[in-house]
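Have a look at the structure below, then the notes.
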Amino acid sequence: MIQEKKLVEEVSGWLRVYGDGSVDRTWTGPPEVKFMAEPVSPHEQFIDGIATRDVTIDQNSGLRARIYLPEEENPKFPIILHFPGGGFCISQADWFMYYQFYSRLAKSIPAIVVSVYLRLAPENKLPAACDDGYAALLWLKSLSKGESNEPWLNTHGDFNRVFLIGDSSGGNIVHEVAKRSGFIDLNPLRLAGAIPIHPGFVRAQRSKSELEQPQSPFLTLDMVDKFLALALPNGCTKDHPITCPMGSFAPPIDTLNLPPLMYCVAEKDLIKDTEMEYYELLKKANKDVELFHSTEMGHSFYLNKIAIDTDPVTAAQTSELIEGIKVFINKHGKRS
């Protein structure tokens with residue numbers, strides 16, 4: 001007789017955790033949105049102005065990344081190191097929601113995007129995903145020094161113009177990687193800027209926006225609570241420094257050596273209050289930070305291809321976000 005596995009946790013149709021420790025990430029929500037969480041195969045031939053390939057960063061750990069190369073006549077492109085979101089528990093670099101946005105971003109700037117396949121919780125609790133993000137930056141440093149080689153990056157990438165970008169919990173990883181990089185010598189690589197988009201900065205105590213703002217397909221209170229409970233080290237609350245860098249357990253912002261930041265928030269984001277709390281600390285610490293505010297939008301709206309295709313306001317705000325990122329990269333990507 002086969003004993004049925006005991007379900008111990010379920011998160012908003014995204015994920016189920018069983019008593020034996022196994023995790024099922026099969027999408028069980030509305031079938032019409034499933035395509036956004038399905039993988040897109042790499043294609044080294046150019047399709048709509050973009051070629052993609054998957055590469056192994058570290059043979060020992062198996063850490064991988066997806067590279068987006070624009071079809072442009074350009075001697076060298078800036079490099080954007082991307083960390084996907086998903087509450088540290090779901091999503092991969094090859095998901096369609098990222099492909100549709102980051103292929104468009106790579107073409108628009110133009111730039112090479114390097115998107116990291118991060119380890120996921122609960123199998124790999126934090127700081128595993130942050131360690132992967134940092135390892136990816138150190139890999140870029142090794143390429144810049146000629147210690148290793150990746151043909152697309154070494155031929156077409158400008159290691160003097162490297163930027164970090166991350167969606168939602170990927171924005172938390174942007175902060176962590178930028179923080180760590182401030183303590184080491186990255187030369188000849190230059191970390192020119194960082195772009196956290198709707199970062200998952202929260203506190204153990206509910207904020208006003210969490211209580212009042214509408215929940216969205218990309219962020220519900222159920223996701224905030226359960227994903228972070230699964231991702232954080234045992235015994236930790238949301239006041240952990242990775243999820244609450246503005247809290248008392250985190251190093252003071254004014255002690256950190258951070259690159260220039262383009263800090264992106266959305267008017268109707270469930271966690272906007274705590275996101276803005278971090279921004280105010282950056283300003284108080286006299287950090288180089290620009291606020292980019294998307295009106296009428298919710299959390300990670302620009303990844304929602306259905307809304308982009310059917311709602312003119314979402315489409316316009318997505319275009320404005322891409323243009324804002326392009327302006328920031330052009331401004332801070334000047335060779336030093």
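The values are calculated or read from the model by the stated rules, or taken from the named source; none is laboratory data. Predicted model, so just to flag it, every value in this text is computed and none were measured. Please note: Cβ atoms are built from the backbone with ideal geometry, for glycine as well, and neighbour counts cover all protein chains shown. All accessible areas refer to the heavy atoms of the entire protein, side chains included, with ligands and DNA or RNA removed. Shrake-Rupley method; radii C 1.70, N 1.55, O 1.52, S 1.80 Å.
If the Cβ limit is 6 Å and pairs must be 6+ apart or interchain, which residue in the range 87-99 that is touching a residue at least 40 places away in the same chain (Cβ under 8 Å) pairs with which residue that is among the aliphatic types (A, V, I, L, M) and in a loop (DSSP other than H, G, I, E, B)?
Phe88/Ala121; Cys89/Leu120; Cys89/Ala121; Asp94/Val40; Phe96/Val40; Tyr99/Val40
Just to confirm my filter: which strands (runs of 3 or more DSSP E) fall fully inside the range 1-119 and include at least 3 residues that are surrounded by fewer than 18 Cβ atoms within 10 Å (Cβ to Cβ) and touching a strand residue (DSSP E or B) at 6+ places or on another chain (Cβ under 9 Å)?
By residue number, 7-11, 50-56.
Where residues in the range 148-174 are in a strand (DSSP E or B) and within 8 Å of the chain's Cα centre (by Cα), which of them is farthest from Lys125 (Cα to Cα)?
Among those residues, the one meeting the criterion is Ile165.
Pick from the range 202-218 the residues that are touching a Ser or Thr at 6+ places or on another chain (Cβ under 7 Å) and surrounded by 16 or more Cβ atoms within 10 Å (Cβ to Cβ): which of them is farthest from Ser91 (Cα to Cα)?
Looking at residues that are touching a Ser or Thr at 6+ places or on another chain (Cβ under 7 Å) and surrounded by 16 or more Cβ atoms within 10 Å (Cβ to Cβ), I get Ser207.
Return yes or no: is Glu296 exposed (fewer than 15 other Cβ atoms within 10 Å of the Cβ), within 18 Å of Gln215 (Cα to Cα), more than 17 Å from the chain's Cα centre (by Cα) and of a type outside the set (Val, Ile, Thr)?
yes
Listed here are the residues, each with its yes/no results for (1) charged (D, E, K, R); (2) farther than 21 Å from Tyr102 by Cβ; (3) in contact with an Asp or Glu (Cβ under 7 Å, 6 or more places away or on another chain).
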| site | (1), (2), (3) |
| --- | --- |
| Ala136 | no, no, no |
| Leu143 | no, no, yes |
| Gly166 | no, no, no |
| Ile173 | no, no, no |
| Arg180 | yes, yes, no |
| Ala192 | no, no, no |
| Ser207 | no, yes, yes |
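Quick one: would you say Asp225 is in contact with a Pro (Cβ under 7 Å, 6 or more places away or on another chain) and open to solvent by 30 Å² or more (accessible area, probe 1.4 Å)?
For Asp225, the condition - in contact with a Pro (Cβ under 7 Å, 6 or more places away or on another chain) and open to solvent by 30 Å² or more (accessible area, probe 1.4 Å) - is not met.
Say we look at the range 230-248 and pick out the residues that are hydrophobic (A, V, I, L, M, F, W, C) and without any contact (Cβ under 8 Å) to a residue 60 or more places away in the chain; which of these is least open to solvent (accessible area, probe 1.4 Å)?
It comes out as Cys244.
Any residue that is touching a residue at least 24 places away in the same chain (Cβ under 8 Å), closer than 27 Å to Pro252 by Cα and part of a helix (DSSP H, G or I) - is there at least one of those in the range 194-205?
Looking through the range 194-205, none of the residues is touching a residue at least 24 places away in the same chain (Cβ under 8 Å), closer than 27 Å to Pro252 by Cα and part of a helix (DSSP H, G or I).
Cβ contacts < 7 Å: first residue farther than 18 Å from His82 by Cβ and part of a helix (DSSP H, G or I), restricted to the range 310-332; second residue among the aromatic types (Phe, Trp, Tyr) and open to solvent by less than 50 Å² (accessible area, probe 1.4 Å), any location; separation 6+ or different chain. Result?
That search, which allows pairs on different chains as well, returns Thr314/Phe301; Gln317/Phe301.
Does the range 206-256 hold any residues that are in a loop (DSSP other than H, G, I, E, B) and of a type in the set (A, V, I, L, M, F, W, C), and which are they?
Scanning the range 206-256 gives Phe218, Leu232, Cys236, Ile242, Cys244, Met246, Phe249, Ala250, Leu256.
Those residues that are aromatic (Phe, Trp, Tyr), open to solvent by less than 10 Å² (accessible area, probe 1.4 Å) and in contact with a Leu (Cβ under 7 Å, 6 or more places away or on another chain), I need them from the range 254-293; list them, please.
Scanning the range 254-293 gives a single hit, Tyr263.
Inside the range 168-190, can you point out the residues that are open to solvent by 30 Å² or more (accessible area, probe 1.4 Å) and in contact with a strand residue (DSSP E or B) (Cβ under 9 Å, 6 or more places away or on another chain)?
If the condition is that a residue be open to solvent by 30 Å² or more (accessible area, probe 1.4 Å) and in contact with a strand residue (DSSP E or B) (Cβ under 9 Å, 6 or more places away or on another chain), then Pro188, Arg190 are the ones that fit.
Does Pro251 satisfy the condition of being over 22 Å from the mean Cα position of the chain (by Cα), surrounded by fewer than 20 Cβ atoms within 10 Å (Cβ to Cβ) and touching a residue at least 40 places away in the same chain (Cβ under 8 Å)?
It is false that Pro251 is over 22 Å from the mean Cα position of the chain (by Cα), surrounded by fewer than 20 Cβ atoms within 10 Å (Cβ to Cβ) and touching a residue at least 40 places away in the same chain (Cβ under 8 Å).
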